[in-house]
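Notes follow the structure.
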There are 2 protein chains.
Amino acid sequence: MEPEKVRAPNIRDVARLAGVSYQTVSRVLNESPNIRPSTKERVLEVIDELGYQPNQAARTLVTNRSRTIGVLSGDTAHYGPTTSVHAIEIAARQSGYRVMITNTTSDYDSIRAGLDFLRQQAVEAIVIIAPQVRVFDAIADMNLTIPFVTLDSTQRDTHRSVSVDQFRGGRLATRHLIDLGHREIEHLAGPQDWIEADARMRGFLHEIGDAELATRPPILGDWTAAFGHHAGRELLRHPDFTAVFCANDQMALGLIHALHEEGVRVPQDVSVVGFDDIPDAAHFWPPLTTVRQDFAEIGRRSLAIILDEVLGSSDASHEQVVPELVVRASTAPPQ
Amino acid sequence: MEPEKVRAPNIRDVARLAGVSYQTVSRVLNESPNIRPSTKERVLEVIDELGYQPNQAARTLVTNRSRTIGVLSGDTAHYGPTTSVHAIEIAARQSGYRVMITNTTSDYDSIRAGLDFLRQQAVEAIVIIAPQVRVFDAIADMNLTIPFVTLDSTQRDTHRSVSVDQFRGGRLATRHLIDLGHREIEHLAGPQDWIEADARMRGFLHEIGDAELATRPPILGDWTAAFGHHAGRELLRHPDFTAVFCANDQMALGLIHALHEEGVRVPQDVSVVGFDDIPDAAHFWPPLTTVRQDFAEIGRRSLAIILDEVLGSSDASHEQVVPELVVRASTAPPQ
DNA sequence: TGTCGTGATGTGTACGTTCACATGCTGCGA
DNA sequence: TCGCAGCATGTGAACGTACACATCACGACA
């Protein structure tokens, strides 16, 4: 015997039990002003009694609004994106919106599928935290009509963006090393197709050029500690440098690991700067000098911006949050 | 002049242009078997031309199925959960499902709101990765009729679960220290309302009891490196121990930081074991001995289990994945 | 040659909600 | 006393799709 498939109660069931029309129930649900308090109370009682829940699909179908913001996030479990997403959720909840997150791998088809999914769910806006160049191809190809905002620093006028000023961050880190007196500075960069990685690298090159130091070609990494470790071993085959600027904290961790293994002291022999200021960075050994990005802040701002657009404003702004150098124990003057 | 609000093309628009009935279009979309190839082709052409996309809300409304799996995840950006979520997404995609993720903070109302949201979105099943006891109160109160699976090790018969055997992991770590010859072992545990934290602690206590060592009350932490650092400083006020088992890698990192600061050598003076084996752990200094959990594997399995239930199977299984001790350089015999 | 099964396609309806409009009632001012 | 504004509530339609059923053409078979 199959258990009988009970239909969920709908607005009409509520109406019948409350002795009103379904429209009145709808009014209660939507907090219409003109409704007698006693009626409203009675309806609410029945709703509670029945455990009635509005059918979101039906609502979306008729209103074409879902009160939902979509988030397209990258495939990796990085500290930054997850922190931003969390901030977005909290902010959205406060504005009466919900958030639907979809992860994607970095290939075109996956990004495309993710955007399609969000569109099908009738999200009212999309926050894109997949900071790879390829994302923009997908967006262009499917000419998205939904408002969207990106969390990175492309200055395209086609859409809004909020980002930490990565270029400036790259300069801050490099300038710090130069100010300490370093002249032989390596850069362990991120993957080239990441917008942020590129901006940090440009910041590095800019300061190197400004100080008229010899330019060393950056090493292109993949953000992982394992790569940092590998790169560190390679670099030590020609130890003609006194400082390394790593494009994120994880790679800095791996690099320091390699330095330790070879008996190279940090910061006495080599100074290391990271990027991000993940919570762990303060507890690396030595505690890491790094550039702090406020991931939560850009999350909050992105939501504010996109709700602004949903509600009618239309100027495509590009906000930038200023990063901050956090000096700890992994940097010192060269000896 | 407002730009005219253009309605998205629907199934009838497609039908008209293709010269067939809307039902035929529907059949093409749902890959009905009895349809002439030439007709199908013509319809597909029109779909492509119009950029038609099925309206998910309408589909869900009529079928009461969404081909979507909900994921309720905790509020923190931990490595484990994010890795599991990612694995779930990939597996879901392969089965023709999509995943909708909702984060929650750990308070009851937020969990409740998250579950309500997922239910309203008509997800067909829910994977719960919010491993706090409180989750079960919320579930019980709203008597969820949707199949769900949890990614932790409560052995309740009300639902399915997949988990790494945390108890066993706790034993592995502790046993390793005992086998090395340690007798004075501290445990830095996780928050008490986390199911996993509790299980690891029980594993620890079990081995301590087995070896007839004096039981030291575990220190209850919050998973962060900052807490590990703080706890390390506290412990060093009475340095009567030779080893510490930390309930996760981050706390181990902070603890080691505190030890380094006081000139205590790891592992010569104090051995440290972590838990999780996050990618960074291999690059801590010293590289961390820890217990590896296969987060991706439990993600994949959870999806398999829940799809199984969606498709009709009904025995509530409790699968367990075996954790693995990874010995690196943070542990050694006491000296 | 009539009947019947089968493949291909079309028609009516339901899903649960909101919007636009209609209706009834109340009280107030002329 | 009448008309009318305004509040409270009700009725009909629409959103876009899938399911159940109806219809039609065609060939096989007795």
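Some observations on this one:
- For region B:27-126, the ratio of Cα radius of gyration to the globular rule of thumb 2.2 N^0.38 Å stands at 1.42.
- Restricting region B:207-254 to GluC sites (Glu not before Pro) in coil, as DSSP defines it, with at most 11 other Cβ within 10 Å: B:Glu212
- Region B:147-224 and region A:218-236 have Cα centres lying 35 Å from one another.
- Local electrostatic count at B:Arg233 - Lys and Arg +1, Asp and Glu -1, tallied over other residues with Cβ under 14 Å: -3
- Kirkwood Rh and Cα Rg combined as Rg over Rh, evaluated for region B:11-54: 0.90
- Extension gain, B:Arg36 back to B:Thr145 (0.36 nm per residue minus Cα-Cα distance, nm): 35.2 nm
- Dipole magnitude for region A:153-305: computed about the Cα centre from +1 point charges on Lys and Arg Cβ and -1 point charges on Asp and Glu Cβ, it is near 300 debye.
- Ligands, DNA and RNA aside, B:Glu186 has an accessible area near 20 Å² when probed at 1.4 Å.
- Here the dipole of chain A is about 1300 debye; that uses its Cα centre as origin and unit charges on the Cβ of Lys and Arg (positive) and Asp and Glu (negative).
- Relative to the longest principal axis of the Cα atoms of chain B, helix B:225-235 runs at roughly 20 degrees.
- Extents of region A:166-293, largest first, come to 33, 28, 23 Å (Cα atoms, principal axes, whole angstrom).
- With K and R counted +1 and D and E -1, the other residues having a Cβ less than 10 Å from that of B:Asp294 yield a net charge of 0.
- Cβ-based net charge around B:Met251, under 12 Å, with every Lys or Arg adding one and every Asp or Glu removing one: -4
- Among B:Ala211, B:Leu177, B:His257 the positive-end extreme of the charge dipole of region B:166-294 (Cβ point charges): B:Ala211
- Here is the interface size for B with A: some 4100 Å² of accessible area buried, both sides summed, with a 1.4 Å probe.
- With Cα atoms, 0 to 90° folded angle of helix A:295-310 axis to chain A main axis: 40
- Residues B:Ser21 and B:Asp210, FRET efficiency given R0 of 60 Å [Cβ-Cβ distance, rounded to 0.05]: 0.25
- Here the dipole of the protein assembly as shown is about 2200 debye; that uses its Cα centre as origin and unit charges on the Cβ of Lys and Arg (positive) and Asp and Glu (negative).
- Computed over chain A, the P(r) tail beyond 30 angstrom holds 48 percent of alpha carbon pairs.
- Rolling a 1.4 Å probe over the heavy atoms of the protein chains gives chain B an accessible area of 44 Å² per residue.
- For the residues of B:276-287, the average number of beta carbons from a partner chain within 10 Å of their own beta carbon is 6.
- For the protein assembly as shown, the alpha-carbon radius of gyration amounts to 1.06 times the rule-of-thumb value 2.2 N^0.38 Å expected for a compact globular protein.
- Relative contact order of region B:145-242, defined on C-alpha pairs under 8 angstrom at six or more residues apart (%): 26
- Between A:Asp116 and B:Asp193, the simple label model (points 7 Å from Cα in the Cβ direction) yields a spacing of 4.2 nm.
- CD proxy at 222 nm, helix term only [per DSSP H run n ≥ 4: -39500 (n - 2.57); per residue of the protein assembly as shown; nearest 500]: -13500 deg cm²/dmol
- Extreme residue, positive dipole direction of chain A, given options A:Gln293, A:Leu72, A:Gly274 (C-beta unit charges): A:Leu72
- Helix B:79-94 axis versus longest C-alpha principal axis of chain B: approximately 30°, rounded to the nearest ten.
- When all protein chains stay in place and ligands, DNA and RNA are ignored, the 1.4 Å accessible-area order of B:Ile11, A:Ile278, largest first, is B:Ile11, A:Ile278.
- Of the accessible area of region B:5-164, computed with a 1.4 Å probe over protein heavy atoms only, carbon and sulfur atoms account for 48 percent.
The values are calculated or read from the model by the stated rules, or taken from the named source; none is laboratory data. Quick caveat: nothing in here was measured; it's all calculated off a predicted structure. As a convention, Cβ positions derive from the backbone with ideal geometry for all residues, glycine included, and neighbour counts pool all protein chains shown. Calculation scope for accessible area: heavy atoms of the full protein, side chains included, ligands and nucleic acids excluded. Shrake-Rupley method; radii C 1.70, N 1.55, O 1.52, S 1.80 Å.
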